[in-house]
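Chemist: Quick one: the structure is below, and I'll ask about it shortly.
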Amino acid sequence: MDPKQLQIHLIELIRKSSTDMPPDIEKALMTGYHREAKGSSAKGAFKAIMETIKLSRKKSIPLCQDTGSLVWHIYYPDGSELLPVESSIKQATVLATRLNYLRPNSVDPVTGINPGNNLGNGVPSPHFHPWKKKSWEFNLMNKGGGCENVGAQYKLPDTRLGAGRDLDGVYKSVLDAVFQAQGRGCAPGIICVGIGGDRDTGMVIAKKQIFRKLDDANPDQLLATLEKKLYRDCNKLGIGPMGYGGKTTVLGVKIGKYHRLPATYFVSIAYMCWSDRRAKMIIRGQKAHYSN
Ligand code: SF4
């Protein structure tokens, strides 16, 4: 791939992800709007969200002032050179920041200095996955800071919750995390869960669930059933959009799993806000195809 051309494609991908809402999320938000009572704060919150989406798309401006941290998952033809791709991602990030598709969001935790270009130690940190195909697939998500703050990781068993090392324990952990959030992190959220792994990979699998479409079906029957049950029961909590009260506290629940050590059982919860920004680009030859 020509690095200059790739850079241009990547800037467009960042623009799309930052400014355009995926259709499945928009549809779920509209359903939430129709479900809430006339004149309620919840309906008002949904109305403001829908107007923001329209305006952002029309003017190509970020859906939220916090453009988040960029989470990349890239599938590449086995044997490809990756260093030039990493370099193109960095360059595209700098240029997208200049174009105001991204807010300067990278801060040195020791000095407090923000370089203003969204680069820094560990930023960006793309995940690369080889595959047998000849095409490249770039998956990008903007993960906001407010919702990142209400993410959680439970270590089972948990005596406070009466949660054991089983799917009922997972259920209790997720419900507790949504209850504790009380709408913070800009509900209605998408609750993405990783069961197992370790403290690091558990959160990776949780965040990977954010790339799933809301209406997909989990191939694991047990997890599919748990997703539906949690979706129903989280929405019974009555927390509502932004915590104003209402029928829509979450837009979806998605669960993945990794094998765990016998001595550990982590439930990692990545909370994604209503501003669930994700985009995909597939490159075949020099041609790029984009979708949200
Ligand atoms: S949590 Fe999401 S919607 Fe709320 S401020 Fe952060 S990015 Fe924006």
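The values are calculated or read from the model by the stated rules, or taken from the named source; none is laboratory data. What you are looking at is a predicted structure, and each value in this text was computed from that prediction instead of being measured. A quick note on method: Cβ atoms are made from the backbone with ideal geometry, for glycine too, and the neighbour counts reach across all protein chains shown.
Chemist: I'm checking my understanding of the structure. Among residues of segment 175-211 that are more than 13 Å from Leu237 (Cβ to Cβ) and in a loop (DSSP other than H, G, I, E, B), which one is farthest from the ligand (Cβ to nearest atom)? Talk me through it step by step, then tell me what you get.
Modeler: Here is the first cut: in segment 175-211, the ones more than 13 Å from Leu237 (Cβ to Cβ) are 184-186, 190, 192-211.
From what is left, the residues that are in a loop (DSSP other than H, G, I, E, B) are 184-186, 197-198.
Details: Arg184: 8, Gly185: 5, Cys186: 3, Gly197: 24, Asp198: 26 Å.
Checking each candidate, the answer is Asp198.
Chemist: On the given criteria, is Asn105 away from the ligand (no atom under 16 Å from the Cβ), out of contact with any His (no Cβ under 9 Å at 6 or more places or on another chain) and not assigned by TED's automatic domain parsing to the domain that holds Ile190? Steps first, answer last, please.
Modeler: Values: away from the ligand (no atom under 16 Å from the Cβ): no; out of contact with any His (no Cβ under 9 Å at 6 or more places or on another chain): yes; not assigned by TED's automatic domain parsing to the domain that holds Ile190: yes.
Against the criterion (away from the ligand (no atom under 16 Å from the Cβ), out of contact with any His (no Cβ under 9 Å at 6 or more places or on another chain) and not assigned by TED's automatic domain parsing to the domain that holds Ile190), Asn105 does not qualify.
Chemist: Okay, moving on. State which residue pairs qualify: first residue surrounded by fewer than 15 Cβ atoms within 10 Å (Cβ to Cβ) and inside segment 152-171, second residue part of a helix (DSSP H, G or I) and of a type outside the set (A, V, I, L, M) in any location, beta carbons under 7 Å apart, and separation of 6 or more residues or different chains.
Modeler: Close Cβ pairs (under 7 Å, with a partner that is part of a helix (DSSP H, G or I) and of a type outside the set (A, V, I, L, M)) amount to Pro157/Gly169; Gly162/Lys172.
Chemist: Same structure, new question: Are any residues in segment 62-92 among the polar types (S, T, N, Q), within 16 Å of the ligand (Cβ to nearest atom) and either more than 16 Å from Trp274 (Cα to Cα) or touching a residue at least 60 places away in the same chain (Cβ under 8 Å) (or both), and if so, which ones?
Modeler: Restricting attention to segment 62-92, the residues satisfying the condition of being among the polar types (S, T, N, Q) are 65, 67, 69, 80, 87-88, 91.
Within this subset, residues satisfying the condition of being within 16 Å of the ligand (Cβ to nearest atom) are 65, 67, 69.
Within segment 62-92, Thr67, Ser69 qualify.
Chemist: How many of the residues making up segment 257-272 are within 14 Å of the chain's Cα centre (by Cα) and more than 15 Å from the ligand (Cβ to nearest atom)? Before the answer, list the steps.
Modeler: Pass one, segment 257-272, residues within 14 Å of the chain's Cα centre (by Cα): 268-272.
Within this subset, residues satisfying the condition of being more than 15 Å from the ligand (Cβ to nearest atom) are 268.
So the count comes out to 1.
Chemist: What number of residues within segment 21-42 satisfy the criterion of being assigned to a loop (DSSP other than H, G, I, E, B) and in contact with a Leu (Cβ under 7 Å, 6 or more places away or on another chain)?
Modeler: Within segment 21-42, the subset assigned to a loop (DSSP other than H, G, I, E, B) is 21-22, 36-40.
Pick out the ones that are also in contact with a Leu (Cβ under 7 Å, 6 or more places away or on another chain) and you get 21.
Qualifying residue count, segment 21-42: 1.
Chemist: Consider Pro124 carefully, then state whether it is under 16 Å from the mean Cα position of the chain (by Cα) and either away from the ligand (no atom under 16 Å from the Cβ) or surrounded by 13 or more Cβ atoms within 10 Å (Cβ to Cβ) (or both). Please lay out each step first, then the result.
Modeler: Details: under 16 Å from the mean Cα position of the chain (by Cα): yes; either away from the ligand (no atom under 16 Å from the Cβ) or surrounded by 13 or more Cβ atoms within 10 Å (Cβ to Cβ) (or both): yes.
It is true that Pro124 is under 16 Å from the mean Cα position of the chain (by Cα) and either away from the ligand (no atom under 16 Å from the Cβ) or surrounded by 13 or more Cβ atoms within 10 Å (Cβ to Cβ) (or both).
Chemist: All but one of (1) more than 22 Å from Glu26 (Cβ to Cβ); (2) more than 16 Å from the ligand (Cβ to nearest atom) hold for Lys59; state the number of the condition that does not hold.
Modeler: It fails just one condition, (1).
Chemist: Any residue in segment 258-276 that is outside the structural domain of Gly243 (by TED's automatic domain parsing) and in contact (Cβ under 8 Å) with a residue 12 or more places away in the chain sitting within a Cβ distance under 6 Å of a residue that is more than 16 Å from the ligand (Cβ to nearest atom) and in a loop (DSSP other than H, G, I, E, B)? List the pairs, counting only those 6 or more apart or interchain.
Modeler: Nothing qualifies.
Chemist: Can you work out which of the residues in segment 184-204 that are surrounded by fewer than 21 Cβ atoms within 10 Å (Cβ to Cβ) and either under 17 Å from the mean Cα position of the chain (by Cα) or not assigned by TED's automatic domain parsing to the domain that holds Asp166 (or both) is nearest to Gly146 (Cα to Cα)? Let's see the steps before the verdict.
Modeler: We begin by selecting, within segment 184-204, every residue surrounded by fewer than 21 Cβ atoms within 10 Å (Cβ to Cβ); these are 184, 196, 198-201, 203-204.
Narrowing the set further to residues that are either under 17 Å from the mean Cα position of the chain (by Cα) or not assigned by TED's automatic domain parsing to the domain that holds Asp166 (or both) leaves 184, 200-201, 203-204.
Values: Arg184: 7, Asp200: 20, Thr201: 22, Met203: 17, Val204: 18 Å.
Checked segment 184-204; the qualifying residue nearest to Gly146 (Cα to Cα) is Arg184.
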